[in-house]
Amino acid sequence: MFKILTINPGSTSTKIGVFHDEQRVFEKSIPFVEAESTRFKNVVDQLGSRFDAISHALKEAGIEIDGFDAVVGRGGLLAPIPSGTYEVSDEMEDYLRQAPRGEHASNLGAFLARRFASLSACLACIVDPVSVDELADVARVSGAPEIERVSLVHALNQKAVARKVAKKLGKPYESCRFIVAHLGSGATIGAHIGGKIVDVLGAKQDGPMSAERAGGLPVDGLIQLCFSGRYTKAELERKMLSGWGFLAYLGTRDLRGVMEKSKTDAKAALVLDAFIYQVAKGIGELSTVLEGEIDAIILTGGMTYSEDLNERILKRTAFLAPIHIIPGEDELEALAEGALRVLNGTEKLREYRSEKSA
């Protein structure tokens, strides 16, 4: 039996879990309030505070902090890499410390994993970060030589639910052809072929809008907005990440609030219809990538707890393929599974390189 500590740092909390092989034996969400975060100039400066809070939570639960076989953290905004489980290295930490792709709480996952792993002299790793990039060459061509399409995707959850559905179908994930729509604060839709996410409609480029992100935007309008003088570059970047979508139209990120408001408010009804329309349109677009040969369409993420939302997406897409719904995003479980695949020898541990490797 392998004992695994999983760590998922977010902007307002740090979620941790302890697993004995696949069995979850402990889970806790440790609040990290905004007032505390403002004490730190950079995300990595939060390391000591978060480490102490996790140590305290484990000790309070009677769990020794030096008895693990692996410690796995959520991967952050790394350089583009193939999916898999990666050992935390100096090169990885250096990249995350410089944060050329942006500051995000998930960047702390590797640092926390390595620090706790040093106490047990065990493996420190990350699994399927959002920077997973397995796009087919043809999918990278944007139409403008100066701009290449890249992948930023909810790879951890997308891969985890794809493996679950593949198991239900009695097939290896690597033999399946899936479209996976992750619907949360951001929305990404991925085309999965041969165990790779070969094309993506992303939350920050050409995907659907979501709770706080715009998704794809008309280029002419965006150019005009960029040069209008209304916003600085930094302000626009913040809006792109967390200031548009439902929030900008309706003043809330909460799907339940949007759905309730849509019953009596025409604007809310239109925004909700547009979101469903865009998700379904994205699924339909990626069905051409799979040439219509689709084992399943998978809906996942926090929004898919809404049966009404699911039914409305199904109405537009069910003709394409069987649809499986796996609500939420159990990232702690997905992290543990990635580490376990390496510990039991079913998957090879990968070595991180800041320059993309095959």
Problem set entry | Options Tyr305, Tyr231, Tyr249: the member that is surrounded by 13 or more Cβ atoms within 10 Å (Cβ to Cβ), within 30 Å of Lys167 (Cα to Cα) and without any contact (Cβ under 8 Å) to a residue 24 or more places away in the chain | Tyr305
For this session: Please indicate, with yes or no, whether at least one residue in the range 324-332 is out of contact with any helix residue (DSSP H, G or I) (no Cβ under 6 Å at 6 or more places or on another chain), touching a residue at least 60 places away in the same chain (Cβ under 8 Å) and on the phi > 0 side of the Ramachandran plot.
Result: no
For this session: Please note which helices (runs of 4 or more DSSP H) are completely contained in the range 242-358 and include at least 3 residues that are closer than 24 Å to Gly207 by Cα.
Result: 245-250, 255-262, 266-289, 307-317
Exercise. In the range 100-121, which residues are assigned to a loop (DSSP other than H, G, I, E, B) and open to solvent by 30 Å² or more (accessible area, probe 1.4 Å)?
Worked result: Pro100, Arg101, Glu103, His104, Ala121
Problem set entry | Only listed residue being at pLDDT 95 or above and over 25 Å from Asp94 (Cα atoms), chosen from Gly62, Gly73 | Gly62
Seminar exercise, completed: Those residues of the range 104-123 that are farther than 13 Å from Thr6 by Cα and among the aromatic types (Phe, Trp, Tyr) come to a total of 0
Problem set entry | Top-ranked residue in the range 201-226 [being more than 16 Å from Ala139 (Cα to Cα) and either of a type in the set (S, T, N, Q) or part of a strand (DSSP E or B) (or both); ranked as most open to solvent (accessible area, probe 1.4 Å)] | Gln224
For this session: Determine which member of the set Val180, Val198 is at pLDDT 95 or above, open to solvent by 10 Å² or more (accessible area, probe 1.4 Å), closer than 17 Å to Val153 by Cβ and touching a strand residue (DSSP E or B) at 6+ places or on another chain (Cβ under 7 Å).
Result: Val198
Exercise. Here are some residues: Ser262, Ser287. Which one is at pLDDT 95 or above, touching a Leu at 6+ places or on another chain (Cβ under 6 Å) and open to solvent by 20 Å² or more (accessible area, probe 1.4 Å)?
Worked result: Ser262
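The values are calculated or read from the model by the stated rules, or taken from the named source; none is laboratory data. All of these numbers come straight from a predicted model, not from anything done at the bench. Methodologically, a virtual Cβ is constructed for each residue, glycine included, from the backbone with ideal geometry; neighbour enumeration extends over all protein chains shown. Accessible surface areas use protein heavy atoms only, side chains included; no ligands, DNA or RNA. Shrake-Rupley method; radii C 1.70, N 1.55, O 1.52, S 1.80 Å.
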